[in-house]
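In what follows, a structure is listed as structure tokens, so that the remarks can point back to it.
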Amino acid sequence: SQEPVTLDFTCKVVSVDRNRLTAVYKGTCQVQGGPYPTNLFYTNTVDLKQAKSLGFNDYSDAYTMAGYVMSDDVQFYQAGSDMTQALLSHRASMSVEQYTQIFEQADFPLTADGDGAFPQSFSYTHEGVLYFSIPVPHALGDYAIVTFNMDGK
């Protein structure tokens, strides 16, 4: 039998206009009897004119952003120097190919060619910046947010 699960979420509408609505969901998932809650981060951007979800590959391409995450230029959102160093240490265990695969399967809707797994990365844009999550160990918060300034793009 499956253990009961408690989800606790907040939703923030980051931006909305006649063309697009972007919502960010943050919260936790706790399995009854589990050792600790898992931190969760989801986003959904909807093109209101076409009534369809937009995702990572509508803003950028997976390979380029994987290279950015592995570069010295990577920026982590709201991470102090200690957390940044811990995230960079974890990143050393990853590769451009692994991040590319994660970003190719990012966001909703779940891709038809995927394995049915829930996305490991979610993204949105706001005021010229692309925000996207990367999975990290629980000790580092379960996810980290990377920012990429799209104005220079």
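The values are calculated or read from the model by the stated rules, or taken from the named source; none is laboratory data. In this text, all values refer to a predicted model and were calculated from it rather than measured experimentally. Don't worry about glycine lacking a Cβ; one is built from the backbone with ideal geometry, like all the others, and counts go over all protein chains shown. Only protein heavy atoms, including side chains, enter the accessible area calculation; ligands, DNA and RNA are left aside. Shrake-Rupley method; radii C 1.70, N 1.55, O 1.52, S 1.80 Å.
Note: relative contact order over the stretch 43-122, using C-alpha pairs below 8 Å and six or more positions apart, is 37 percent. So the label point goes 7 Å from the Cα of Thr84 along Cα→C-beta, right? Which residues of the stretch 32-69 then have their backbone N under 18 Å from it? From the stretch 32-69, the list is 68-69. Dividing the helix sum by the residues of the chain, where each DSSP H run of 4 or more adds -39500 (n - 2.57), gives a mean residue ellipticity at 222 nm of -6000 deg cm²/dmol. In the full protein context, the chain carries 59 Å² of accessible surface per residue, based on a 1.4 Å probe and ignoring ligands, DNA and RNA. Once the Cβ-Cβ distance between Glu127 and Cys11 is put in as r, and R0 is 25 Å, what FRET efficiency do you end up with, to the nearest 0.05? Plugging the Cβ-Cβ distance into 1/(1 + (r/R0)^6) gives 0.80. In this simple spin-label model, placing a label point 7 Å from the Cα along the Cα-to-Cβ direction at both Gln75 and His138 gives a separation of 3.2 nm. Centre-to-centre, using Cα atoms only, the stretch 126-153 and the stretch 68-105 are separated by 9 Å. Here the chain exposes an accessible surface that is 50 percent carbon and sulfur, computed with a 1.4 Å probe and the other protein chains kept in place.
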